[in-house]
Amino acid sequence: MAELLSQVADVDIDPDGVFKYILLRVTVKGGSQSKNIVRGTKTAEFHNHIFEKVNPELEKLGLECNCLGGGKIEHNSQEKKIKVFGLSTGYGKADHSVTVERLKTVYNDYDITWSDDKK
C-alpha cells in the first residue's frame with residue numbers, strides 16, 4: 001500500500017508566479033496510510049478547480065483525497081523564494097506550516113516562508 005502513495009508526488013506547483021494552491025491528504029482506499037500533498041497552478045480560477053483535476057487522477061490509482069484547505073503561493077524560481085499565504089473561500093485556510101514542510105522536501109535550497117496575510 002505504501003507503494004501507491006510513493007507514486008504520488010509530494011508537490012506539483014507552477015514554476016513561477018502567484019497562484020492558488022490546495023493542501024490534500026491522500027489515503028489508500030480502505031487503508032490507514034496517508035500523506036499530505038501540495039498542488040497549485042495559475043490555470044485554476046478557483047481552488048476547487050485544482051481539486052476537480054487532481055481527485056479523479058488519484059482515484060484511478062486507488063487513492064482517496066481530502067482537501068485540508070487552500071491559499072496562495074508566490075513562487076520566484078530566479079530568486080529561489082516561495083511565499084505561502086492567504087486562504088480558500090471554499091475550503092478554508094490550509095495549515096501553511098504543513099504546506100511549507102512539504103514544499104521544503106522538493107525545494108530544499110529555497111527560502112520558503114508563510115504568513116496569514118491575505119496578500
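The values are calculated or read from the model by the stated rules, or taken from the named source; none is laboratory data. Please read these numbers as outputs of a predicted model, since none were measured by experiment. All Cβ positions, even for glycine, are placed from backbone atoms using ideal geometry, and neighbour counts span all protein chains on display. For the accessible areas, the whole protein counts, side chains as well, though only heavy atoms, and no ligand, DNA or RNA atoms are used. Shrake-Rupley method; radii C 1.70, N 1.55, O 1.52, S 1.80 Å.
Summed over the range 93-119, residues that are open to solvent by 30 Å² or more (accessible area, probe 1.4 Å) and either of a type outside the set (Lys, Arg) or assigned to a strand (DSSP E or B) (or both) total 16. Remark: Gly70 matches the filter, which requires a residue to be in contact with a Leu (Cβ under 9 Å, 6 or more places away or on another chain) and either in contact (Cβ under 8 Å) with a residue 60 or more places away in the chain or open to solvent by less than 20 Å² (accessible area, probe 1.4 Å) (or both). Kindly check whether there is at least one residue in the range 29-38 that is without any contact (Cβ under 8 Å) to a residue 60 or more places away in the chain and of a type in the set (A, V, I, L, M, F, W, C). No, the range 29-38 has no match at all. Criterion applied to Leu24, Leu5 was being touching a residue at least 40 places away in the same chain (Cβ under 8 Å) and not in a strand (DSSP E or B), and the one residue passing it is Leu5. Taking the criterion of being of a type in the set (Val, Ile, Thr), touching an Asp or Glu at 6+ places or on another chain (Cβ under 6 Å) and open to solvent by 10 Å² or more (accessible area, probe 1.4 Å), the residues of the range 21-44 that qualify are Thr27, Thr41. Residues that are farther than 15 Å from Val11 by Cβ, without any contact (Cβ under 8 Å) to a residue 24 or more places away in the chain and outside any helix (DSSP H, G or I) occur in the range 85-92; there is at least one. Test Lys80 against the stated conditions and say whether it is loosely packed, with under 14 Cβ neighbours inside 10 Å, over 17 Å from Ala9 (Cβ atoms) and either more than 13 Å from the chain's Cα centre (by Cα) or of a type in the set (Asp, Glu) (or both). In short, yes.
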